[in-house]
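Okay, structure first, notes after.
The values are calculated or read from the model by the stated rules, or taken from the named source; none is laboratory data. Because the structure is predicted, anything quoted here is derived from the model rather than measured. Here Cβ is always computed from backbone atoms with ideal geometry, including for glycine, and neighbour counts include all displayed protein chains. We work out accessible area using only protein heavy atoms, side chains counted, and drop any ligands, DNA or RNA first. Shrake-Rupley method; radii C 1.70, N 1.55, O 1.52, S 1.80 Å.
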Amino acid sequence: MSNVILKNIKKTYDNNKTVINNVNLEIKDKEFVVLVGSSGCGKSTLLRMIAGLEDITEGEIFIGDKKVNDIAPKDRDIAFVFQSYALYPHMTVRENIAFGLKMRKVPKDVIEQKVKEAAEILNLTEYLDRKPKQLSGGQRQRVALGRAIVRNPKVFLMDEPLSNLDAKLRVQMRSEIKKLHEKLQTTFIYVTHDQTEALTMGDRVVVLNNGDIQQADSPSQIYYHPSNTFVAGFIGSPQMNFIEGKELGLDENILYGIRPEKMNSKDGDIKLTVNVDISEMLGAEKIAYFNIGEHKCSAVLPSEYNIGKNLDISIKTSDLYMFNKDTGNTIYSIN
């Protein structure tokens, strides 16, 4: 079993700054879990604590049925894939992939077989004798993944592994990592600030903010049933619009939310005219930006839509989310 259990995990630095607040999370065997949040939310710190690269202030971490708080990183049966690839420039791809096994004095014939298998999985066979400087960014990232694969770990930990790639390569590598998870059938814990990566890759998405888990759920539940205004505003691009009830002629004690793509309903029962600040052309779509009351909002519209200074908005009441104005917690979300 390669499940990971976090019990009452807390991290406080010497300056009494707490970055992880009493986190409880169970990651199931063979599950692909994505930790997502903005910079400084604690997601990388949490990953490093699982790896043993960061001390735990309070709480317990279990990998499988073993408590690992006092176990060295090399003995936790995990593999860590870093953002920077961390390849040795003077070594070939073959040598980079084999390095960890060589340090563990694994027999040479076993190393050769494992490197061959990893190279085949990652389409690196023809590059085995090249050095990192001769590879593209995507190929270097695959070498870093290969180095992790040959260890056959219980758990793969990945910290923003695609952030150094261009947009096209990121899309390609997202798909490759998902396929890799399906092939290896082991537990993946993946950290990103990119909500698109989170929604497209994770079996389950854990949204963090200021060291707290805001919601841990499937991608569809996270998107359609956010637990609060933070999750609702963080997940989705452009982000959800938040509008005071008085601006919509509705209950003034409730904060309403609506996705920008739902702001152009032809048969909506709420009609508004807004002053457009700026609009952007995005191929098949246009985005208009404007204010409704004190809130900055946007609407996603068809590219042929003629956006002038004034824009008529139509909203279906059934497309509105409802949030408690004081706590930010969800009162109603779309089915």
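If only residues of the range 269-316 that are of a type in the set (Phe, Trp, Tyr) and within 20 Å of GLN239 (Cβ to Cβ) are counted, the one that is surrounded by the fewest Cβ atoms within 10 Å (Cβ to Cβ) is TYR289. Listed by first and then second residue, the pairs linking a residue in the range 104-121 that is within 19 Å of LYS74 (Cβ to Cβ) to a residue that is open to solvent by 90 Å² or more (accessible area, probe 1.4 Å) and in a loop (DSSP other than H, G, I, E, B), with Cβ atoms under 8 Å apart and 6 or more places separating them unless they lie on different chains, are LYS114/ASN152.
Filtered by the rule that a residue be touching a strand residue (DSSP E or B) at 6+ places or on another chain (Cβ under 9 Å) and open to solvent by 40 Å² or more (accessible area, probe 1.4 Å), the range 317-329 gives THR317, MET322, ASN324, LYS325, THR327, ASN329. Annotation: of all residues in the range 65-86 being free of Cβ contacts under 8 Å to residues at least 40 places away in the same chain and among the aliphatic types (A, V, I, L, M), the one that is surrounded by the most Cβ atoms within 10 Å (Cβ to Cβ) is VAL68.
Evaluating TYR256 against the criteria (1) in a strand (DSSP E or B); (2) aromatic (Phe, Trp, Tyr); (3) within 15 Å of the chain's Cα centre (by Cα) leaves one unmet condition, (3).
For the range 102-119, filtered to residues that are open to solvent by 100 Å² or more (accessible area, probe 1.4 Å) and part of a loop (DSSP other than H, G, I, E, B), the residue that is nearest to LEU180 (Cα to Cα) is ARG104. Among residues of the range 228-268 being open to solvent by 10 Å² or more (accessible area, probe 1.4 Å) and polar (S, T, N, Q), the one that is modelled with the lowest pLDDT is SER265.
Inside the range 221-239, can you point out the residues that are part of a loop (DSSP other than H, G, I, E, B) and not polar (S, T, N, Q)? Hits for the range 221-239 are HIS225, PRO226, ILE235, GLY236, PRO238. Scanning the range 58-68 for residues that are at pLDDT 95 or above and not aliphatic (A, V, I, L, M) turns up GLU58, GLY59, GLU60, PHE62, LYS67.
One line per residue, one yes/no per condition, for (1) within 17 Å of ALA299 (Cα to Cα); (2) touching a strand residue (DSSP E or B) at 6+ places or on another chain (Cβ under 7 Å):
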| residue | (1), (2) |
| --- | --- |
| LEU208 | no, yes |
| GLY211 | no, yes |
| PHE234 | yes, yes |
| GLN239 | yes, no |
| LEU250 | no, yes |
| LYS266 | yes, yes |
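When GLU26, GLU60 are checked against the criterion of being free of Cβ contacts under 8 Å to residues at least 40 places away in the same chain, outside any loop (DSSP other than H, G, I, E, B) and open to solvent by 20 Å² or more (accessible area, probe 1.4 Å), a single residue qualifies: GLU26.
Being aliphatic (A, V, I, L, M) and at pLDDT below 90 is a property that holds for ALA86.
Within the range 187-201, residues that are surrounded by 19 or more Cβ atoms within 10 Å (Cβ to Cβ) reach partners that are among the hydrophobic types (A, V, I, L, M, F, W, C) and part of a helix (DSSP H, G or I) with beta carbons closer than 7 Å, at six or more positions or on different chains, in the pairs ILE189/LEU47; ILE189/ILE50; TYR190/MET201; VAL191/LEU47; THR192/ALA198; GLN195/PHE234; MET201/ILE177. Residues of the range 310-335 that are outside any loop (DSSP other than H, G, I, E, B), free of Cβ contacts under 8 Å to residues at least 60 places away in the same chain and not hydroxyl-bearing (Ser, Thr, Tyr): ASN310, LEU311, ASP312, ILE313. Criterion applied to ILE287, ILE307 was being in contact with a strand residue (DSSP E or B) (Cβ under 6 Å, 6 or more places away or on another chain) and assigned to a loop (DSSP other than H, G, I, E, B), and the one residue passing it is ILE307.
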